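The values are calculated or read from the model by the stated rules, or taken from the named source; none is laboratory data. What you see is a predicted model; the values in this text were computed from it and never measured. When we count neighbours, we look across all protein chains shown, and the Cβ atoms used for this are built from the backbone with ideal geometry, even at glycine.
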Amino acid sequence: MQDFSYFCIMAGIYIHIPFCNSKCAYCGFYSLPSLKLKERFLVALKAEIVEREEYLQRGGLRVKPAMRPALKGNHDMPTINTIYFGGGTPSLLSIKEIGELLHLIKETYPVAEKTEITLEANPDTLSLEYLEGLRQHGINRLSIGIQSFFDNDLKYLSRRHDSNHARQCIDWAKQAGFSNISIDLIYGLPISNAEQWNHNLDLFFALGLPHLSAYALTLEPNAILTKQIELGKVLPVNEEDALRDYEILCQRAAENGYLHYEISNFCKTGMHSKHNASYWFGTPYIGFGPSAHSFDGVSRQWNVSSVEKYIDARHETARLRDQKVPCPASEKETLSPEQLYDEYVMLRLRTHWGIDLKWLKREMGERFSTYCEQHAQPLIAQGRLSQTREFLYLTDAQMLFADGVAEELFWE
Ligand code: SF4
């Protein structure tokens, strides 16, 4: 049996903050539109951060002995290189609460000095004072949910901020000392058009920000918008609008010097999200909070998508600490070599790095690299996939169909 664990001495931490001020119409993420449970949630979250300290050492992650001297502190624990507060709306936490969480993480895990620490923020929660506080407490990357610089779009999406406040927040973030700023934009809105989307992009480029995440509006099964469309209350989403806007986005990002490094992500040189890139590179990570996922190199684990159940489970785990019972509100799946191969194919095809056949052969074995190369040939002939030397990848135009191409390369 070959060793399919990734040879890696880095890891990431994800913290899910499951609260929002209200629910946006298109949202399919797990979050509660109320802060009622915040205090109890933070107690449970801190307990999980401490209790799962061994996760990255104990699981499938095996650090080769020769590399151990390079590790800081605990030699069985990989260094944490990225920390990501996602949600929900992490910027609903106070500066003090964020400071306490970061302090606890740094006390419990070997966090590298130059760790990328990202916080997702929504404009309706931001002020200059708050942003300065974040900077002082070590947050060094912001991902701001702008979504659009047009009030009609923001209304359709039922966002709480308006376009003026969106721009104000970006100015404040710069004033507070942030240089690593990403914004989210949504395209393919039925009430918008190519001219308006171009104008959104004009505003983004004029701001000189190093990173953009742009998503097509999709209808999530549990989203309010899906219901509203079914009832005929708002205009339906049209796939052609999304395709048109995606083409405009790819072309204009390239003209403005942005690298299209993942289906939905664009950056200036070296400014990609290191945390998100680590998912695509199979770097182990530990996720805290309801619905958060963890990956230790060979197995995946995920917490229950319910704040109440999460709080109760952490309480129970703490009560039975001496018996070392696994948390009753998380599930675990060990991935077979074939599943690890599928995952590698799916994740890497989404990125401009593509599938590295040499890596596949070296790390997973020849049967996987040969299988992948053989199944790639018809896709290349159909123009759905490209190959340069040992790399299989998707061009800009092909990228939007990554999932369909990946399916054809999956292990049978
Ligand atoms: S702020 Fe984000 S997570 Fe919260 S409801 Fe809106 S889209 Fe969903």
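Worth a mention:
- Considering only residues in the stretch 38-50 that are surrounded by 17 or more Cβ atoms within 10 Å (Cβ to Cβ) and more than 22 Å from the chain's Cα centre (by Cα), the one that is nearest to the ligand (Cβ to nearest atom) turns out to be K38.
- Taking first residues from the stretch 265-290 that are on the phi > 0 side of the Ramachandran plot and partners that are modelled with pLDDT under 90, the Cβ contacts under 7 Å between residues at least 6 apart in sequence or on separate chains come to G282/Y6.
- Tallying residues that are β-branched (V, I, T) and within 12 Å of the ligand (Cβ to nearest atom) within the stretch 76-92 yields 1.
- Looking at R244, R252, R167, just one residue is within 24 Å of the chain's Cα centre (by Cα) and closer than 20 Å to Q398 by Cα, and that residue is R252.
- Residue check, I95 buried (at least 23 other Cβ atoms within 10 Å of the Cβ) and either away from the ligand (no atom under 11 Å from the Cβ) or of a type in the set (D, E, K, R) (or both): no
- Residue satisfying all of: in the stretch 101-113; under 15 Å from A47 (Cα atoms) and touching a residue at least 40 places away in the same chain (Cβ under 8 Å); nearest to the ligand (Cβ to nearest atom) among these: L101
- Selection of the stretch 263-295 for residues being in contact with a Lys or Arg (Cβ under 8 Å, 6 or more places away or on another chain), of a type outside the set (S, T, Y) and either in a loop (DSSP other than H, G, I, E, B) or more than 22 Å from L400 (Cα to Cα) (or both) yields I263, I286, F288, P290, H293.
- Among residues that are assigned to a loop (DSSP other than H, G, I, E, B), within 21 Å of the chain's Cα centre (by Cα) and hydroxyl-bearing (S, T, Y), S179 is included.
- Under the condition of being farther than 11 Å from P123 by Cβ and within 13 Å of the ligand (Cβ to nearest atom), the residues counted in the stretch 157-183 number 2.
- One residue stands out in the stretch 1-33 among those that are away from the ligand (no atom under 12 Å from the Cβ) and in contact with a strand residue (DSSP E or B) (Cβ under 8 Å, 6 or more places away or on another chain): the one that is modelled with the lowest pLDDT, namely I9.
- Long-range neighbours under 7 Å by Cβ, at least six apart or interchain, first residue without any contact (Cβ under 8 Å) to a residue 12 or more places away in the chain within the stretch 114-137, second part of a helix (DSSP H, G or I) and surrounded by fewer than 17 Cβ atoms within 10 Å (Cβ to Cβ): none
- Total residues in the stretch 333-365, condition over 20 Å from the mean Cα position of the chain (by Cα) and basic (K, R): 3
- Each residue in the stretch 345-387 was checked for being over 15 Å from G404 (Cα atoms), in a helix (DSSP H, G or I) and touching a residue at least 60 places away in the same chain (Cβ under 8 Å), and 2 pass.
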